[in-house]
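Beneath this line is the structure, given in structure tokens, with notes to follow.
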Amino acid sequence: MKIYNIKIRDSVHEFVWDLWEYIFRMSFDFENSKTIMNNIYKDIFSLKIFPNRFPSFNDKFRVMTINKKYRVFFVVDEENTTIIVSRIFFSSENYLEWLID
């Protein structure tokens, strides 16, 4: 069984941090904010095993949906056994504009 390395782009870290900050400011619940952030990272790191279980999108990316709220776009580099997590969006966001750029 292959175990892939995970590389997360800065934009993904920024998204998660901004989300944590927003949830905390709205709820003043540190534990809830931390739990949401940790669950997102836990799901992202689950890509280490069988990342190809997620559907292909646009012949370049694969897409993982987390809790029906977030879409994670990533690339599987089979040659280097690496997953590159490129972007994360709210499910309601128009991510197609990003793909065109």
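Assorted remarks:
- Qualifying position, being at positive phi and among the polar types (S, T, N, Q), among Asn80, Asn58: Asn58
- For region 24-34, the count of residues that are among the hydroxyl-bearing types (Ser, Thr, Tyr), closer than 29 Å to Met1 by Cα and touching a helix residue (DSSP H, G or I) at 6+ places or on another chain (Cβ under 7 Å) is zero.
- In region 37-68, residue modelled with the lowest pLDDT [restricted to those that are of a type outside the set (Val, Ile, Thr) and part of a strand (DSSP E or B)]: Phe57
- Any hit, region 69-76, residues being farther than 13 Å from Asn5 by Cβ, part of a loop (DSSP other than H, G, I, E, B) and at pLDDT 90 or above: yes
- Test: residue in region 62-69 that is crowded, with 17+ Cβ neighbours inside 10 Å, free of Cβ contacts under 8 Å to residues at least 40 places away in the same chain and farther than 21 Å from Ile84 by Cα: no
- Selection count, region 40-59, where residues are within 19 Å of Asn5 (Cβ to Cβ) and free of Cβ contacts under 8 Å to residues at least 40 places away in the same chain: 9
- Contacts under 6 angstrom Cβ, first residue in region 5-27 being under 25 Å from Lys48 (Cα atoms), partner of a type in the set (A, V, I, L, M, F, W, C) and in a strand (DSSP E or B), 6 or more apart: Ile6/Ile83; Lys7/Ile84; Ile8/Val85; Val12/Val85; Val12/Ile88; Phe15/Ile88
- Candidates Phe54, Phe15, Phe74, filtered to the one that is touching a Leu at 6+ places or on another chain (Cβ under 7 Å), surrounded by 12 or more Cβ atoms within 10 Å (Cβ to Cβ) and not β-branched (Val, Ile, Thr): Phe74
The values are calculated or read from the model by the stated rules, or taken from the named source; none is laboratory data. Since the model is a prediction, treat every value here as computed from it, not as a measurement. Please note: Cβ atoms are built from the backbone with ideal geometry, for glycine as well, and neighbour counts cover all protein chains shown.
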